[in-house]
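Read-outs: derived from the displayed coordinates by stated rules, not from any lab. Computed from a predicted model, the values in this text were never measured in an experiment. Neighbour counts run over all protein chains shown; Cβ positions are idealised from the backbone, glycine included.
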Amino acid sequence: MLTRREALSTLIAPTLRAQPRGPNILLLHSDDQTWNTIRAWGNRDIITPNLDKLAARGTSFRNCYNQGGHVPAVCVASRAMLMTGKSLFRATAKDGLDTPLLPEFLKDNGYDTFFTGKWHLGTPALQRAFQNGGLVHLGGMGPQIDPELSRFPETSKSKIPGRASVLFANSCDDFLKSRKNQQNPFFAYCAFTAPHDPREAAHLAAQYYGNKDLSLQRPWLEKPQRDNGELTVRDEMVVPAPRTSAQCHKELKDYYALITELDNQIGRLLNTLETQSQLNNTIVVFCSDNGLAMGAHGLMGKQSMYEHSLKIPLILAGPGIQSRTENKPIFLYELYNRLAKLIGRPAPNHTETTGPLYFAYRDFQRALRIGDQKIAWAKHKTGLTIEQYDLSKDPYEENNLQGTSQAIPEGKIEAALAKARTHYNDPHPTLSTSTQATNHPTKPQTPSTRQQPSTVQHASTPQTAHTPQRPSPRQRPLTPQHPSTTKTASTPRHASEPRLQRSGPSSLTAYPTPTA
Ligand SMILES: [Ca+2]
């Protein structure tokens, strides 16, 4: 015979058990931060004590990738993928953003949601997705000093005195402090604009790094050795080619200074969580949206298929997350799916996990992984550039294997390519590594109307029109983690695709010098 109290307890308990309070989630997002810019990950120059602590208590995803972009502002596609949990060609503004965004999914699962920082996916999606917000930078790049910001959910902008990273951290900090004794868990998304240029950080560079002689990004070159179809984009003009090591050294120091400033602000936020007794009940995510060349391969921007532009930091720490290193490659868009599982909810059907490692930029650059081998190609005005790197031995992509005995057979590339295109619904089926039937000069074209290329560049072969590769004496290796092998099943060659045809050294094209 149950007592009255026991009977009431029996009625109430299942309800309480069905609605446990999930862990909070704090998503810390940087802008244009390449993967090898965390001291705990092996960069002995950079100062990132708070990210180092986060890495020590969490999981470091050492091979996390942005899958690519549709326009030079790669940030847009990356952030669309992050918010939708969809891969590149499905996370479009047209239909991708129509599905529940990550904050909407969390709100539906009992979370109070908050946003501050850079939002690059349009005002309607922002206002729809979040319940609360602070200072917001609507759009792409903005100044690091006295930025023009709006206050969520308003869209009118005004100049706010202060440094951008501090202002966004202030907004997030106010929200975290307001959460004491709140019943619902929270999702707070703080999207910093650092270390994106303009790199207004001269005094911070002097303060943090002084006269320190930084190692330049590998392989440092005065200018690109090969055309990738996008050498005159704005990002490449930040320091016009040919660049000097002194110029790149200054840019790198300012870049590192912005990251150190960002790290300080992240430390503030994590300290607030700790003083609010919320640190142990909060999943902290740190990631960036895309990488940046910063002088590697003679490039400055992010519009390429090299690791420095695709690979980004990703660290998760908090309840249920082990302290370890994960070397298996992962696309950033998988974060949505993983967070759903971490809070004990089924991931929405529209979210994707990492499939074949296939990367795309606009309609003229593609890259594909076959195991540890990475094949990248780009159509440009005068031809086609193909490169192949063994990332297990050459993580900085310094030794192009195309045109050597180690080049992967064309049939194997085509099979993997057909599978990846189908998997990701790439709408540009004519972009393959093939040059067949187009071996004739082409007129300069706009990127969107590019035709099949006329020739193939094998960059491992000497090219007299190029500046010889001159690695900086200050270059030295960090500690890259070798990516694990990804199996790609052999599938029949796609009937509509022309066969891969590589031309020999005689067809090498001169690399056009970028124009300002
Ligand atoms: Ca970015």
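Quick rundown of the values:
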read-out	value
Amide H partners (placed H, <5 Å) of residue 383, local residues excluded	454, 455
Whole-number Å³ per residue for the convex hull built on Cα positions in the stretch 198-267	110 Å³
Around residue 158: net Lys/Arg minus Asp/Glu count, Cβ-Cβ under 9 Å	+2
Per-residue Cβ neighbour rank within 10 angstrom, fewest leading, 324, 234	324, 234
Percent breakdown of C-alpha pair distances by 10 Å bin, ordered from the shortest bin, for the stretch 232-284	21, 29, 20, 17, 13, 1
Order of 71, 136 under a 10 Å beta carbon neighbour criterion, fewest first	71, 136
Residue order, fewest to most beta carbons within 10 Å, for 419, 159	159, 419
Proximal aspartates and glutamates relative to residue 253, as straight alpha-carbon distance under 16 Å, when same-chain residues fewer than 8 apart are discounted	32, 45, 197, 200, 213, 261, 263
Pairs of alpha carbons in the stretch 263-329 whose separation is greater than 15 Å (percent)	65 percent
Rg/Rg_ref, the stretch 313-405, where Rg_ref = 2.2 N^0.38 Å and atoms are Cα	1.41
Cβ-defined net charge surrounding residue 280, 12 Å radius [Lys, Arg +1; Asp, Glu -1]	0
